[in-house]
Amino acid sequence: MTRTRTIGILIFDGVEELDFVGPYEVFTMSNEVHGHEGRERPDKVILISEKCGAITGAKGMTVDAHASMADAPALDLLLVPGGIGTRREARNQVLLQWIAKVSPGCEWVTSVCTGSLLLCMAGSAKGKRITTHRDFISTLRQTGNAAAVLEDVRYVRDGNVVTAAGVSAGIDMALWLVGQMHGEDHARNTQRAMQYDPSPPYAASV
């Protein structure tokens, strides 16, 4: 029997939109695929902000959170996206303390792009091998909170901490997490339902 999970995606002003929208699509599409496969939709996927209400992303998208940090239910999976707003949130003790509080109860603690900075500052990535956006590698290394910051990888798993590189890498990570939670065949069916088969243009351009 498929286990029911609550997946919480943290959002904040200045969040990079695809960092959270990409994984949100993966997790919610996984639920759709469960329905097509004759099962109940097992996962509750919620957007969480510090005070609920609307946030404005790095590219101007406005999104309403489903819950505040104070009202959010217990989480099985926490995803912390990146974006220019992480530089400000890295000094937000309310947000960092919330990450530190909820992380120990999670099956998976994850980030996309510079969201790994917030995991480091909250202590959730302490002593872990992690990654981040290629342009943020050296900056994250200087914090000294992680065992290693890896480059040239799409995502890194160290224990129950999984971190993805920049922006689109969050989709790859989320599909891998779906495979861990619900099986590889289901993850492949989710990928197929999304028609996610990247073939970017100009890949051979010099």
For this session: Scan the stretch 36-46 and give yes if some residue there is in contact with a helix residue (DSSP H, G or I) (Cβ under 8 Å, 6 or more places away or on another chain), open to solvent by 10 Å² or more (accessible area, probe 1.4 Å) and assigned to a strand (DSSP E or B), otherwise no.
Result: yes
For this session: Kindly list the number of the only condition in (1) farther than 21 Å from L47 by Cα; (2) part of a helix (DSSP H, G or I); (3) open to solvent by less than 10 Å² (accessible area, probe 1.4 Å); (4) among the β-branched types (V, I, T) that fails for I99.
Result: (1)
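Given the residues R5, R41, which is the only one that is closer than 19 Å to L175 by Cα, modelled with pLDDT of 95 or more and of a type in the set (K, R)?
Matching residue, one of R5, R41: R5.
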Seminar exercise, completed: Within the stretch 44-92, the count of residues that are free of Cβ contacts under 8 Å to residues at least 60 places away in the same chain and among the acidic types (D, E) comes to 3
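Report, by residue number, each residue of the stretch 73-96 that is among the hydrophobic types (A, V, I, L, M, F, W, C), open to solvent by 20 Å² or more (accessible area, probe 1.4 Å) and within 22 Å of L117 (Cα to Cα).
I84, V94
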Problem set entry | Failed item, numbered, when R157 is tested on (1) open to solvent by 60 Å² or more (accessible area, probe 1.4 Å); (2) assigned to a helix (DSSP H, G or I); (3) not acidic (D, E) | (2)
Seminar exercise, completed: Here the qualifying pairs (Cβ atoms under 9 Å; residues six or more apart or on different chains; first in the stretch 153-178 and farther than 14 Å from I9 by Cα and in contact (Cβ under 8 Å) with a residue 12 or more places away in the chain; second buried (at least 21 other Cβ atoms within 10 Å of the Cβ) and of a type in the set (K, R)) come out as V156/K128; D158/K128; G159/K128; V161/K128
Exercise. Out of the stretch 47-68, which residues are open to solvent by 40 Å² or more (accessible area, probe 1.4 Å), outside any strand (DSSP E or B) and at pLDDT 95 or above?
Worked result: E50, K51, A58, K59, G60, M61, H66
For this session: Of all residues in the stretch 48-105, count the ones that are of a type in the set (G, A, S) and farther than 20 Å from V161 by Cβ.
Result: 11
Problem set entry | Pair list, Cβ < 8 Å and 6+ apart or interchain, from the stretch 116-134 residues that are closer than 18 Å to R157 by Cβ to residues that are part of a helix (DSSP H, G or I) and modelled with pLDDT under 95 | C120/T143
Problem set entry | Qualifying position, being assigned to a loop (DSSP other than H, G, I, E, B), open to solvent by 60 Å² or more (accessible area, probe 1.4 Å) and either under 28 Å from S30 (Cβ atoms) or in contact with a strand residue (DSSP E or B) (Cβ under 9 Å, 6 or more places away or on another chain) (or both), among Q191, Q195 | Q195
For this session: Tell me, please, whether a residue that is over 19 Å from W108 (Cα atoms) and in a loop (DSSP other than H, G, I, E, B) can be found in the stretch 20-33.
Result: no
Seminar exercise, completed: When C120 is run through (1) part of a loop (DSSP other than H, G, I, E, B); (2) over 29 Å from M29 (Cβ atoms); (3) open to solvent by less than 10 Å² (accessible area, probe 1.4 Å), the failure sits at (1)
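The values are calculated or read from the model by the stated rules, or taken from the named source; none is laboratory data. These numbers were taken from a predicted model, which means no experiment stands behind them. All Cβ positions, glycine included, derive from the backbone under ideal geometry; neighbour counts span all protein chains shown. Side chains are part of the model used for accessible areas, which takes the heavy atoms of the whole protein and leaves out ligands, DNA and RNA. Shrake-Rupley method; radii C 1.70, N 1.55, O 1.52, S 1.80 Å.
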